[in-house]
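Trainee: Sharing a structure here in structure tokens format.
The values are calculated or read from the model by the stated rules, or taken from the named source; none is laboratory data. Keep in mind the model is a prediction, meaning the values are calculated, not measured. Because the Cβ atoms are built from the backbone with ideal geometry, glycine has one as well, and the counts that use them run over all protein chains shown. Heavy atoms of the whole protein, side chains included, go into the accessibility calculation; ligands, DNA and RNA do not. Shrake-Rupley method; radii C 1.70, N 1.55, O 1.52, S 1.80 Å.
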Amino acid sequence: MELKQMKYFKTIVEEGTITQAARVLHISQPPLSMQLKAIEEELDTILIERGHRHITLTPAGHLFYRRCNQILNLYEQTSKEVQGAATQILRFGITSSNGYLITHDHMDVFRKKYPKLDIHMKEGTTYEMMDALLAHEIDIALVRTPFDSTNVKSFLFKPEPMIAVGPSTLVNEKKNHL
């Protein structure tokens, strides 16, 4: 399978119809349909159910679309890294609730210490960050517990106190539990 075919499939999914995807790709519709059929034959599965006005992804189509995005993003990143080999890229994932831990001052110090390192940030839930890490979409993540640590190495970045907030009848200094 070629990257071009993955780009075609991605465009079909994002445009919602083969006809519109063909317009965006500046090719005619029959060759694009033939490329889609070739992909499905190579994978020996149906990826898209064709409708009169739109397409619907099969479960295999959803998986293939996700993988196409990952592969095409990795290809693009690799291409940029090779062209600018003097600059390295760190793909960093963080949960929105942890955003306060990384300040502009931290980033300035880090950039001064590592001037040839370009940092790409991605935000999401702990589960999204773990999925992105295992799919090699990011290199490192700052997440919240709990998470499945089976296939990763982790360490406690910063312990956080938990604070109870509520009406005084339920929460007061003398109670250490609800």
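Trainee: Return the residue satisfying two criteria in turn: it lies in the stretch 59-75 and is touching a residue at least 40 places away in the same chain (Cβ under 8 Å) and closer than 13 Å to Ile46 by Cα, and of such residues it is least open to solvent (accessible area, probe 1.4 Å).
Mentor: Initial filter on the stretch 59-75 (touching a residue at least 40 places away in the same chain (Cβ under 8 Å)): 61, 64-65, 68-75.
Okay, now just the ones that are also closer than 13 Å to Ile46 by Cα, so 61, 64-65.
Values: Gly61: 0, Phe64: 25, Tyr65: 53 Å².
Looking at residues that are touching a residue at least 40 places away in the same chain (Cβ under 8 Å) and closer than 13 Å to Ile46 by Cα, I get Gly61.
Trainee: As an exercise: evaluate Lys116 against (1) at pLDDT 80 or above; (2) closer than 25 Å to Tyr75 by Cα and give the number of the one condition it does not meet.
Mentor: Only one criterion in (1) at pLDDT 80 or above; (2) closer than 25 Å to Tyr75 by Cα is unmet by Lys116, namely (1).
Trainee: Then there is this: Quick check on my filter: what residues within the stretch 95-131 are of a type in the set (D, E, K, R) and either under 17 Å from the mean Cα position of the chain (by Cα) or open to solvent by 100 Å² or more (accessible area, probe 1.4 Å) (or both)?
Mentor: Matches in the stretch 95-131: Asp105, Arg111, Lys112, Lys113, Lys116, Lys122, Glu123, Glu128, Asp131.
Trainee: Has the stretch 132-152 got any residue that is closer than 30 Å to Tyr8 by Cα, assigned to a helix (DSSP H, G or I), modelled with pLDDT of 80 or more and open to solvent by less than 50 Å² (accessible area, probe 1.4 Å)?
Mentor: yes
Trainee: On the basis of being open to solvent by less than 40 Å² (accessible area, probe 1.4 Å) and either of a type in the set (Asp, Glu) or within 17 Å of Cys68 (Cα to Cα) (or both), does Met1 make the cut? Quick ask: steps written out before the conclusion?
Mentor: Values: open to solvent by less than 40 Å² (accessible area, probe 1.4 Å): no; either of a type in the set (Asp, Glu) or within 17 Å of Cys68 (Cα to Cα) (or both): yes.
So Met1 fails the test.
Trainee: Go through the stretch 67-83 and give me each residue that's over 15 Å from Ile138 (Cα atoms) and modelled with pLDDT of 90 or more.
Mentor: The one that is over 15 Å from Ile138 (Cα atoms) and modelled with pLDDT of 90 or more: Cys68.
Trainee: Exactly one of (1) touching a residue at least 12 places away in the same chain (Cβ under 8 Å); (2) in a helix (DSSP H, G or I); (3) within 24 Å of the chain's Cα centre (by Cα) is unmet by Ile89. Its number?
Mentor: (2)
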